[in-house]
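A.B. asks: Structure incoming, see below.
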Amino acid sequence: MSKLVKFTGILAVAIFAAAQAQATLVASDDFNAYSNGPLVGNVGSAWVAHSGTTPNNVLNQQDVVTDLNSQDVNLGLSGSPHSNDVLYAGFDVNQTTMTAPAASYFAHFKDASTFNFFARTWVSNSAPGTVMFGIANGGGAAVFGSAVATGTWNRLVIEMDQTGPAMVCSLYLGPINDSNIADFSLVAATDVPTLANVAISAFALRQASSSTGAGTELIDNLLVGTTFGDSVVPEPSSVALVGAGLLGLMAMRRRSRRS
């Protein structure tokens with residue numbers, strides 16, 4: 001067997017392994033395919049509205065969640081309903097403004113109704129120029145994590161575990177473009193959910209009313225899956241490894257042609 005054939009086989013395995021790293025995704029959206037304007041009804045968009053009127057908008061390939069508008073939107077999950085498994089929803093978030101100290105939730109899982117919301121993800125003022133993100137199982141009080149600066153990008157991963165007798169929701173906060181769970185801080189919800197074994201069918205983004213002063217969140221790179229690894233951006237080193245392998249393969253082909 002030639003070196004080229006051996007190398008091709010090894011590279012194929014590496015590429016296959018990288019492709020399988022997110023094999024259990026149940027929903028995703030990087031918002032790159034949309035033109036500026038309403039998310040619902042945009043060409044190629046699978047998002048639907050479940051409440052509110054003034055639209056949720058896309059701007060410069062990012063979703064804009066703002067208290068200036070009122071439409072709440074959701075993205076269906078494949079394999080639904082999810083009622084006895086673990087779901088993870090990860091996304092990049094940039095809290096650009098927050099005008100009042102009151103907390104407000106802006107993301108959650110939901111069932112087929114327009115009122116059963118779970119793993120509610122909250123944001124609250126911490127001090128001037130900083131905010132805290134938090135998590136609640138249902139409609140109860142949220143538990144908040146460490147403060148981060150407004151105007152900075154962070155990766156949030158929401159975990160909703162329904163494998164036990166009661167729902168357990170948690171929130172991971174970490175840097176973007178990082179898949180190492182050790183780099184994320186963790187907070188767990190403590191409120192008691194009103195329902196158990198909920199038939200989850202979608203991930204949703206909520207635009208709070210202007211009376212809450214929730215400000216604006218920019219959302220990007222949404223990944224929803226059944227493991228933590230599904231919900232974070234693949235490590236750049238993995239992508240670089242595959243790229244280096246392809247370059248090596250092309251170099252070997254050139255040498256073999258000259259010999």
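A.B. asks: Taking the stretch 217-253 only, how many residues are within 24 Å of the chain's Cα centre (by Cα) and at pLDDT below 75?
C.D. replies: 7
A.B. asks: Is there a residue in the stretch 18-27 that is assigned to a strand (DSSP E or B), surrounded by 12 or more Cβ atoms within 10 Å (Cβ to Cβ) and either hydroxyl-bearing (Ser, Thr, Tyr) or modelled with pLDDT of 95 or more (or both)?
C.D. replies: Checked against the condition, which is being assigned to a strand (DSSP E or B), surrounded by 12 or more Cβ atoms within 10 Å (Cβ to Cβ) and either hydroxyl-bearing (Ser, Thr, Tyr) or modelled with pLDDT of 95 or more (or both), the stretch 18-27 yields at least one hit.
A.B. asks: Just checking, how many residues over the stretch 127-141 are outside any loop (DSSP other than H, G, I, E, B), surrounded by 19 or more Cβ atoms within 10 Å (Cβ to Cβ) and more than 18 Å from the chain's Cα centre (by Cα)?
C.D. replies: Number of matching residues: 1.
A.B. asks: Taking the residues in the stretch 164-216 that are within 18 Å of the chain's Cα centre (by Cα) and of a type in the set (Asp, Glu) as candidates, determine which candidate is nearest to residue 78 (Cα to Cα).
C.D. replies: 178
A.B. asks: Going residue by residue through the stretch 45-59, is there one that turns out to be closer than 23 Å to residue 174 by Cβ and either among the aliphatic types (A, V, I, L, M) or out of contact with any Cys (no Cβ under 6 Å at 6 or more places or on another chain) (or both)?
C.D. replies: no
A.B. asks: Further question: In the set 119, 127, 141, 102, which member is among the small types (Gly, Ala, Ser) and over 25 Å from residue 192 (Cα atoms)?
C.D. replies: It is 127.
A.B. asks: Which ones in the stretch 142-171 are in contact (Cβ under 8 Å) with a residue 24 or more places away in the chain, exposed (fewer than 14 other Cβ atoms within 10 Å of the Cβ) and touching a strand residue (DSSP E or B) at 6+ places or on another chain (Cβ under 9 Å)?
C.D. replies: Listed by number, the residues that qualify are 146, 151, 163.
A.B. asks: Tell me, yes or no, whether the stretch 199-213 has at least one residue that is modelled with pLDDT of 95 or more, touching a Ser or Thr at 6+ places or on another chain (Cβ under 9 Å), more than 15 Å from residue 121 (Cα to Cα) and of a type in the set (A, V, I, L, M, F, W, C).
C.D. replies: yes
A.B. asks: Residue under question is residue 118, and the condition is that it be part of a strand (DSSP E or B), out of contact with any His (no Cβ under 8 Å at 6 or more places or on another chain) and surrounded by 18 or more Cβ atoms within 10 Å (Cβ to Cβ); does it hold?
C.D. replies: The answer is no for residue 118.
The values are calculated or read from the model by the stated rules, or taken from the named source; none is laboratory data. All values reported here derive from a predicted model rather than from experimental measurement. As a convention, Cβ positions derive from the backbone with ideal geometry for all residues, glycine included, and neighbour counts pool all protein chains shown.
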